[in-house]
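Worksheet: one structure, shown below.
The values are calculated or read from the model by the stated rules, or taken from the named source; none is laboratory data. Please read all numbers here as calculations on a predicted model, not as lab measurements. Cβ atoms come from the backbone with ideal geometry, glycine included; neighbour counts cover every protein chain shown.
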């Protein structure tokens, strides 16, 4: 089943999250297992399965990177394995530099400023990649789909870096 069809929206990277949430709530109300309390065990099982399916679809469509991956998969783009190496050496070097920058935050004279600066850099670079990937998905041709796939992998790196920033922030300010 196509998640976009389930939510009765066009296949698009740009999704109205309010509309998505509203449709999700309506779909969940319609198949909520409590509504099938007096139904047969098979109907109850189907309601639970349908509810789980709706939840999976919602979780995929509401998150930009999961949504992009889903769209590319629908298009038949061969998604590379997470462990598959990158051929973009400049990007890999940049990732190493960003990790070093995060490691240095602990030793900065002003930790707040250093952390804020790191967050600002990561946010800006993430946004630029996200906008580029969005445009590539919109174009929808073989070349741009492959580029969108590469950018999706890069965005996942940034997502991991942002988690590291959160952990760093917690460790620095939990005292």
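Going by what's in this entry, would residue 50 be described as out of contact with any strand residue (DSSP E or B) (no Cβ under 8 Å at 6 or more places or on another chain), modelled with pLDDT under 95, surrounded by 13 or more Cβ atoms within 10 Å (Cβ to Cβ) and not assigned by TED's automatic domain parsing to the domain that holds residue 145?
Numbers: out of contact with any strand residue (DSSP E or B) (no Cβ under 8 Å at 6 or more places or on another chain): yes; modelled with pLDDT under 95: yes; surrounded by 13 or more Cβ atoms within 10 Å (Cβ to Cβ): yes; not assigned by TED's automatic domain parsing to the domain that holds residue 145: yes.
When the stated conditions are applied, residue 50 passes them.
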Test: residue 45 is in contact (Cβ under 8 Å) with a residue 24 or more places away in the chain and assigned to a helix (DSSP H, G or I):
no
Among the residues that make up the stretch 4-15, is at least one of them free of Cβ contacts under 8 Å to residues at least 24 places away in the same chain, exposed (fewer than 14 other Cβ atoms within 10 Å of the Cβ) and either on the phi > 0 side of the Ramachandran plot or touching a strand residue (DSSP E or B) at 6+ places or on another chain (Cβ under 7 Å) (or both)?
yes
Per the list (1) free of Cβ contacts under 8 Å to residues at least 60 places away in the same chain; (2) in the same structural domain as residue 126 (by TED's automatic domain parsing), residue check on residue 23 breaks on (2)
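Counting only residues that are modelled with pLDDT under 90 and under 22 Å from residue 3 (Cα atoms), which one in the stretch 26-42 is farthest from the chain's Cα centre (by Cα)? Talk me through it step by step, then tell me what you get.
Keep residues of the stretch 26-42 that are modelled with pLDDT under 90, which gives 31-42.
Next cut, under 22 Å from residue 3 (Cα atoms) only: 31-33.
On the way: 31: 26, 32: 26, 33: 29 Å.
Step by step, filter the stretch 26-42, then rank; the result is 33.
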Selected residue (only one of 161, 102, 130, 115 is in contact (Cβ under 8 Å) with a residue 24 or more places away in the chain, more than 21 Å from residue 172 (Cβ to Cβ) and outside the structural domain of residue 7 (by TED's automatic domain parsing)):
130
